[in-house]
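See below for the structure under consideration.
The values are calculated or read from the model by the stated rules, or taken from the named source; none is laboratory data. Worth saying up front: this structure is predicted, and the values here are computed from it rather than measured. Counting neighbours? That spans all protein chains shown, and the Cβs are built from the backbone with ideal geometry, glycine included. These area figures cover heavy atoms from the full protein model, side chains too; ligands, DNA and RNA do not enter into them. Shrake-Rupley method; radii C 1.70, N 1.55, O 1.52, S 1.80 Å.
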Amino acid sequence: MNIKKIEPASLLRLFLGLVFLSAGLFRVFNWQKGIIEFSELHLPFAAYLLFFTVCLEIIGGLMLIFNIKTKEALLVFVVFIILALLQALIFSFGQIQNTAAELFFFKANSVDLFLHFTYLIILFCLFSLQKREK
């Protein structure tokens, strides 16, 4: 029986593809919450930017999952995440400063569970990349 080994980079690509696809689909089914989210981030034309973001997340997520133009999709997501982080830092720096301690306290909520699952995937990939010592 020949079982193909899953490469860590492929696992990360699939995982990120699923993350972006699920984020886009979540916003489709929670459109009003998405508009509120974008409005609270002080984004102009919240509905139009939400539509653009949903398209980006769904199409880009599928591209990563099916390994289509992966390098281009990854580059678009890098720019997308950098812009999102800059936007959040500019408009929410004070709030981020006040809640920074939350990063280091585990709570059984969806955010912490997702982050720890992400850490587990990264750890698994790094572990599998390590050379075995003889």
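Angle, helix 110-129 long axis vs. longest principal axis of the chain, Cα atoms, 0 to 90°, nearest 10? Helix 110-129 and the main axis of the chain meet at about 30 degrees.
On C-alpha positions alone, give me the angle between the axis of helix 31-40 and the longest principal axis of the chain, in degrees, nearest 10. For helix 31-40, the angle is close to 70 degrees. Restricting the chymotrypsin sites (Phe, Trp or Tyr not before Pro) of segment 28-83 to loop positions (DSSP other than H, G, I, E, B) with no more than 16 neighbouring Cβ atoms within 10 Å leaves Phe45, Phe66. Using just its DSSP H runs of length 4 or more, each adding -39500 (n - 2.57), the chain gives a mean residue ellipticity at 222 nm of -26000 deg cm²/dmol after division by all residues. Amide H contacts under 5 Å for Leu41: none, restricted to partners 5 or more places along the chain or on a different chain, H placed in the peptide plane at 1.01 Å from N.
Rounded, prolate or oblate: which fits segment 77-119 when a ≥ b ≥ c are the square roots of the eigenvalues of the alpha-carbon gyration tensor, with rounded for a/c under 1.5 and prolate only if a/b beats b/c? It comes out oblate by the Cα gyration axes. Here the chain is assigned +1 on the Cβ of each Lys and Arg and -1 on the Cβ of each Asp and Glu. Its dipole about the Cα centre then comes out at about 640 debye. Sequence neighbours fewer than 8 away in the same chain don't count; with that in mind, list the lysines whose C-alpha is under 24 Å from Lys71. Answer for Lys71, where 24 Å is the Cα cut-off: Lys4, Lys5, listed by chain and number. Remark: spin-label model distance Thr99-Glu37 equals 1.3 nm, labels positioned 7 Å along the Cα→Cβ axis. With the cut-off at 1.5 for a/c, could you classify segment 47-106 from its C-alpha gyration tensor as rounded, prolate or oblate? Prolate is the answer for segment 47-106, as a/c is 1.5 or above and a/b outweighs b/c.
Rounded to 0.05, the FRET efficiency of the Glu7 and Phe51 pair, given R0 = 41 Å and the Cβ-Cβ distance, is 0.75.
The trypsin sites (Lys or Arg not before Pro) found in segment 1-57 that occupy coil by DSSP, while having at most 13 further C-beta atoms within 10 Å, are Lys4, Lys5.
Compared with the dominant Cα axis of the chain, that is its longest principal axis, helix 8-29 is turned about 30°.
Report the gain in length on full extension from Leu126 to Val28: 0.36 nm times residue separation, minus Cα-Cα distance, nm rounded to one decimal.
Working: separation 98, 0.36 × 98 = 35.28 nm, distance 3.38 nm.
Going from the current span to full extension adds 31.9 nm.
The largest accessible area among Glu7, Glu57 belongs to the first residue in Glu7, Glu57, and the rest follow in falling order (1.4 Å probe, all chains).
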